[in-house]
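Chemist: Below is a structure I'd like to ask you about.
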Amino acid sequence: MRLYILLLYSRETTIHYIQAMQLTGKKAPALTLQDQDGVSISLADYLGKKVLLYFYPKDDTPGCTKEACNFRDRLNELQQHGVQVLGVSKDSVTSHKAFADKFQLNFPLLSDESTDTIQAYGVWKEKSMFGKTYMGISRDSFLIDETGVVQKHYHKVKPAKHVDEVIKDLT
């Protein structure tokens, strides 16, 4: 007996998923966004370094706080592997500033209120909660090498285990 499972996704969700998956091995989409201090940061600023570009749904929520604090606590380890961490969400610069200050985050949080960068990386997706569907950010990360090429796409990461996964891939 064979069991077939049919998963139905909206056209938009499918397109974004395929788009994100197709980035591995390709040049990372360019970005220039403001960090929590209002400073414009471009991905090009980090050529010559590895970048872990992580997308998260919302400042100061349980999963996002757990993930950000894990990056904070293990930033030295990541930096020993030549990795710069950059967080991206749709939250404002002001929200990022409050979040970074509250949890003493030691890396840039980039504001993409327009979702242009979020969409370029294919992580703006249809979600559902309590039977209601809405668009939001998928908790995905991209490990980008020194030349700006996406080496790995981490899909729907677990906040408590993500840093371990990245460090394992770097060693």
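Chemist: Can you run down the residue pairs with Cβ atoms below 6 Å, 6 or more apart or on separate chains, where the first is in region 32-45 and among the acidic types (Asp, Glu) and the partner is at pLDDT 95 or above and outside any loop (DSSP other than H, G, I, E, B)?
Modeler: If the second residue must be at pLDDT 95 or above and outside any loop (DSSP other than H, G, I, E, B), the pairs left are Asp35/Ile41; Asp35/Leu110.
Chemist: When both residues are 6+ apart or on different chains and their Cβ atoms are under 9 Å apart, which pairs have a first residue that lies in region 152-171 and is under 21 Å from Ala28 (Cβ atoms) and of a type in the set (Lys, Arg), and a second that is part of a loop (DSSP other than H, G, I, E, B) and open to solvent by less than 20 Å² (accessible area, probe 1.4 Å)?
Modeler: Lys156/Ser138; Lys156/Asp140
Chemist: Give the residue that is surrounded by the most Cβ atoms within 10 Å (Cβ to Cβ), with candidates limited to residues of region 106-133 that are small (Gly, Ala, Ser), more than 16 Å from Asp35 (Cα to Cα) and out of contact with any helix residue (DSSP H, G or I) (no Cβ under 6 Å at 6 or more places or on another chain).
Modeler: Once the filter is applied, the top-ranked residue is Ala120.
Chemist: In a helix (DSSP H, G or I) and of a type outside the set (S, T, N, Q): does that describe Glu165? Outline the logic, then answer.
Modeler: Details: in a helix (DSSP H, G or I): yes; of a type outside the set (S, T, N, Q): yes.
In short, yes.
Chemist: Further question: For residues that are in a helix (DSSP H, G or I) and modelled with pLDDT of 95 or more, tally how many sit in region 45-64.
Modeler: Narrowing region 45-64 to residues in a helix (DSSP H, G or I): 45-46, 62-64.
From what is left, the residues that are modelled with pLDDT of 95 or more are 45-46.
Qualifying residue count for the region: 2.
Chemist: A further question follows. Could you tell me which residue of region 35-66 is nearest to the chain's Cα centre (by Cα), considering only residues that are open to solvent by less than 70 Å² (accessible area, probe 1.4 Å) and among the charged types (D, E, K, R)?
Modeler: So the residue we want is Asp59.
Chemist: Give all pairs with beta carbons closer than 7 Å in which a residue from region 84-96 that is closer than 16 Å to Cys69 by Cβ meets a residue that is part of a strand (DSSP E or B) and of a type in the set (S, T, N, Q); count only pairs at least 6 apart in sequence or on separate chains.
Modeler: What qualifies is His96/Ser111.
Chemist: Checking Phe103 against (1) surrounded by 18 or more Cβ atoms within 10 Å (Cβ to Cβ); (2) at pLDDT 95 or above; (3) not basic (Lys, Arg): exactly one of these is not met. Which one?
Modeler: Unmet condition: (1).
The values are calculated or read from the model by the stated rules, or taken from the named source; none is laboratory data. Note that the coordinates shown come from a computational prediction; the quantities given were computed from them, not determined experimentally. We place every Cβ from the backbone using ideal geometry, glycine too, and count neighbours over all the protein chains shown. In case anyone asks, the SASA skips ligands and DNA or RNA and just uses the protein heavy atoms, side chains included. Shrake-Rupley method; radii C 1.70, N 1.55, O 1.52, S 1.80 Å.
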